[in-house]
Every structure is written in C-alpha cells, then in structure tokens.
Amino acid sequence: MPYSLVIFDLDGTLADSFPWFLRIINDVADHFGFRRVRDEEIEELRHASSREILARLEVPLWKLPAIARHARRLKAEAAADIALFAGVEAMLRTLADNGVQLALVTSDSEANAREKLGPAASLFAHFDCSASLFGKPAKFRRVIRRAGVEPGKVIAIGDEVRDIEAARGVGIACGAVCWGYAAPAALRALGPDHVFERMEEITSTLCPGAVARMSGAISGNADR
C-alpha cells in the first residue's frame with residue numbers, strides 16, 4: 001500500500017550521531033552516576049532494547065529527564081560535528097516531491113533538529129520533538145492526527161527497537177534502517193515491514209513510480 005505520511009526518527013536514521021554519542025556517553029555516565037560503557041560491550045548493547053540498556057547501565061529512571069536535557073545541550077554544542085547521512089536530502093526531497101507528507105519525531109529539541117537538517121527541514125510538514133513521559137507512541141498519534149491520514153497509510157522509519165515497538169503500538173507500518181544505533185540483526189528479529197540497507201532503498205520502496213520515471217528518463221537520454 002502506498003504511504004501518504006512518513007514519520008522519521010532523527011538520530012541514527014537521518015543524522016549520523018552515533019560516533020558523537022560514543023564520545024560523550026561515559027562523561028554523561030560520570031556526571032549522572034550510572035555505569036560507564038566499556039568498548040567491548042558496545043556491540044552487545046546494540047542488540048539490546050532501550051529498557052535493557054538502561055537496566056544494564058544501571059541508569060536511575062528518575063534521572064532520565066535530567067539526562068535528556070543534558071544530552072540535548074551537549075548535542076546543540078556539537079551540532080556542527082553531526083552531519084546527515086549521505087543521500088538524506090535527496091531521499092527526503094523525492095518523497096516530498098511525490099506528495100508524501102514528512103514528519104519528524106525525536107526526543108531532541110526542534111531547534112537542534114532543524115539545525116541538523118539544515119535546508120532539508122523545510123521539507124517536513126510536522127515536527128514533534130523533545131522528551132515525553134508517554135514516549136514515541138503518543139507522538140506518533142499526535143502527528144497522525146495533525147496530518148489527517150489513516151493509520152494504514154502511515155509508516156514510521158527508525159533505527160532502534162523502540163521505533164518498531166512504537167509503530168506497532170499505534171497500528172502503523174514500520175521500517176528499520178541498518179546504519180544506525182541498533183544492530184541490523186536485532187531489528188530484523190522483530191520483523192519490521194521494511195528493512196532498508198541503503199538510503200536509496202527508502203525512495204525505491206516508498207516511491208517506486210518516481211524511480212521508474214527517473215530510470216526511464218536516463219535511458220531515454222542515453223538513446224539519443
């Protein structure tokens with residue numbers, strides 16, 4: 001079924017922030033008193049859910065709002081060092097040009113999100129940013145309501161287990177990208193509706209007609 005609304009995650013999906021995260025996580029751990037991450041356990045944690053990660057690192061849940069605020073501040077300071085993945089803007093523009101509404105749902109601030117997206121921010125019709133006590137499902141519902149789209153025509157695309165769980169929780173399709181925070185095997189194990197190994201696969205899956213027209217145009221030019 002063609003999708004009328006695509007809800008994107010930001011970090012690890014559109015923005016290459018995982019290297020930055022690895023650089024700051026142990027400083028944040030020291031600041032808030034939870035366990036530091038050892039180099040040898042990074043890959044293991046990429047196979048864990050958000051709840052499992054919090055438990056393994058012994059993060060006090062009551063500190064999460066303060067940790068989120070601190071992380072947003074650090075991220076704002078490092079905005080210039082966090083780039084979009086190659087091909088993001090072209091992919092987003094193709095979707096928008098073909099009538100697909102774009103939404104961004106992230107725990108980051110909208111100001112940080114817009115700065116990371118740069119000119120591509122103008123392609124998004126809806127933003128639902130900042131941390132929420134009710135998590136991503138509540139944000140997904142708000143965005144779907146604002147967009148006026150039936151849940152059956154909505155897909156959420158992210159890079160973590162919680163993105164898939166949130167999409168399933170509100171009855172929308174889910175797509176998982178293989179270049180973000182969670183290990184591809186952990187994402188595939190949950191059976192998302194689509195798994196994207198390369199950026200261009202998002203376009204070819206969601207806008208096959210546009211890709212076919214582009215290929216035809218290139219072929220026609222080559223024949224001249």
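Which shape class, rounded, prolate or oblate, goes with region 125-167 when its Cα gyration tensor gives a ≥ b ≥ c as root eigenvalues, a/c under 1.5 marks rounded, and past that a/b bigger than b/c marks prolate?
Taking the square roots of the gyration eigenvalues as a ≥ b ≥ c, region 125-167 is oblate.
Using alpha carbons only, how many degrees (0 to 90, rounded to 10) separate the axis of helix 18-32 from the longest principal axis of the chain?
Helix 18-32 sits at roughly 20 degrees to that axis.
Report the antiparallel proportion of the DSSP beta bridges in the chain as a percent, rounded to a multiple of 5.
Roughly 5 percent of the beta bridges in the chain run antiparallel, per DSSP.
What residues from region 175-203 fall in the zone where the backbone N is under 18 Å from a label point 7 Å along the Cα-to-C-beta line of Ile42?
Only 178-186 fall inside the zone, counting backbone N under 18 Å.
Just one of [x] 1.00; [y] 1.05; [z] 1.11 is Cα Rg over 2.2 N^0.38 Å as worked out from the coordinates here. Which one is it?
It is the one labelled [y].
Is region 102-213 rounded, prolate or oblate when judged by the Cα gyration tensor, a ≥ b ≥ c being the square roots of its eigenvalues, rounded requiring a/c under 1.5 and prolate requiring a/b larger than b/c? Could you put the intermediate results ahead of the total?
Working: a/c = 1.30, a/b = 1.12, b/c = 1.16.
The shape class here is rounded.
If you fit an axis through the alpha-carbon atoms of helix 88-97 and take the longest principal axis of the Cα set of the chain, what angle between them do you get, 0 to 90°, nearest 10?
Its long axis makes an angle of about 50 degrees.
Reachable aspartates and glutamates from Lys63, Cα under 18 Å, same-chain residues fewer than 8 places away excluded?
Cα-Cα hits under 18 Å: Asp27, Asp30, Glu52, Asp108.
Projecting each Cα onto the charge dipole of the chain (Lys/Arg +1, Asp/Glu -1 at the beta carbon, about the Cα centre), which of Pro151, Trp20, Ala55 comes out farthest on the positive side?
Towards the positive end, the residue furthest out is Pro151.
Could you do me a favour and compute the accessible area per residue for the chain, 1.4 Å probe, result in Å²?
50 Å²
On full extension of the chain, what length is gained from Val195 through Arg73, given 0.36 nm per residue of separation minus the C-alpha to C-alpha distance?
Working it through step by step, the gained length comes to 40.7 nm.
What is the sum of charges around Leu10, taking Lys and Arg as +1, Asp and Glu as -1, for the other residues whose C-beta is under 9 Å from the C-beta of Leu10?
On the way: positive: Lys116; negative: Asp9, Asp11, Asp108.
In short, -2.
Calculate for the chain the 222 nm mean residue ellipticity that helices alone would give, adding -39,500 (n - 2.57) per DSSP H run of length 4 or more and normalising by residue count, nearest 500 deg cm²/dmol.
-14500 deg cm²/dmol, from helical runs alone.
Using modelled amide H (1.01 Å from N, peptide plane; none on Pro or chain starts), what sits under 5 Å from the amide H of Cys174, excluding residues fewer than 5 places away?
Those lying under 5 Å, H to H, from Cys174 are Ala156, Asp193, His194.
Would you grab the residues whose amide H sits under 5 Å from the one on Gly12? Only those 5+ places off in sequence or on another chain, please, with H modelled 1.01 Å from N.
Ser17, Phe18
What are the ³J(HN,Hα) couplings of region 70-81, residue after residue, when phi is run through the Karplus curve with 6.51, -1.76, 1.60 and θ = phi - 60°? Round to Hz, x for glycine and proline.
Result, rounded to whole Hz: 4, 5, 5, 5, 5, 5, 5, 5, 9, 3, 5, 8.
Explain nothing, just compute: Karplus ³J(HN,Hα) = 6.51 cos²θ - 1.76 cosθ + 1.60, θ = phi - 60°, for every residue of region 162-178 in order, whole Hz, x for Gly and Pro.
Karplus-based 3J(HN,Hα) across region 162-178 equals 5, 5, 5, 4, 5, 4, 4, x, 10, x, 10, 5, 9, x, 10, 9, 9 Hz.
Could you calculate the FRET efficiency of Glu58 with Arg188 from 1/(1 + (r/R0)^6), where r is the beta carbon distance between them and R0 is 30 Å, rounded to 0.05? Mind showing how you got there, number by number?
Details: r = 29 Å, r/R0 = 0.95.
The calculated FRET efficiency here is 0.55.
Could you give the size of the charge dipole of the chain about its Cα centre, using +1 on the Cβ of each K and R and -1 on the Cβ of each D and E, expressed in debye and rounded to the nearest 20? It would help to have the intermediate numbers written out before the result.
On the way: 28 positive and 30 negative charges, 159 e Å.
So the magnitude is around 760 debye.
Within region 87-153, list the chymotrypsin sites (Phe, Trp or Tyr not before Pro) lying in a DSSP loop whose Cβ has at most 10 other Cβ atoms in a 10 Å radius. Show your work: numbers first, answer last.
Details: sites: Phe124, Phe127, Phe134, Phe140; in loops: Phe124, Phe134.
Counting only loop positions with at most 10 other Cβ atoms within 10 Å, the chymotrypsin sites (Phe, Trp or Tyr not before Pro) in region 87-153 are Phe134.
Counting only protein heavy atoms, what percent of the accessible surface of the chain is carbon or sulfur at a 1.4 Å probe?
C and S atoms contribute 54 percent here.
Which residue, Ile25, Ile164, Ile42, has the most motion in a Gaussian network model of the chain that connects Cα atoms within less than 10 Å?
For the chain, modelled as a Gaussian network with Cα springs under 10 Å, the answer is Ile42.
The values are calculated or read from the model by the stated rules, or taken from the named source; none is laboratory data. In this text, all values refer to a predicted model and were calculated from it rather than measured experimentally. When we count neighbours, we look across all protein chains shown, and the Cβ atoms used for this are built from the backbone with ideal geometry, even at glycine. Side chains included, ligands, DNA and RNA excluded: accessible areas come from the protein's heavy atoms. Shrake-Rupley method; radii C 1.70, N 1.55, O 1.52, S 1.80 Å.
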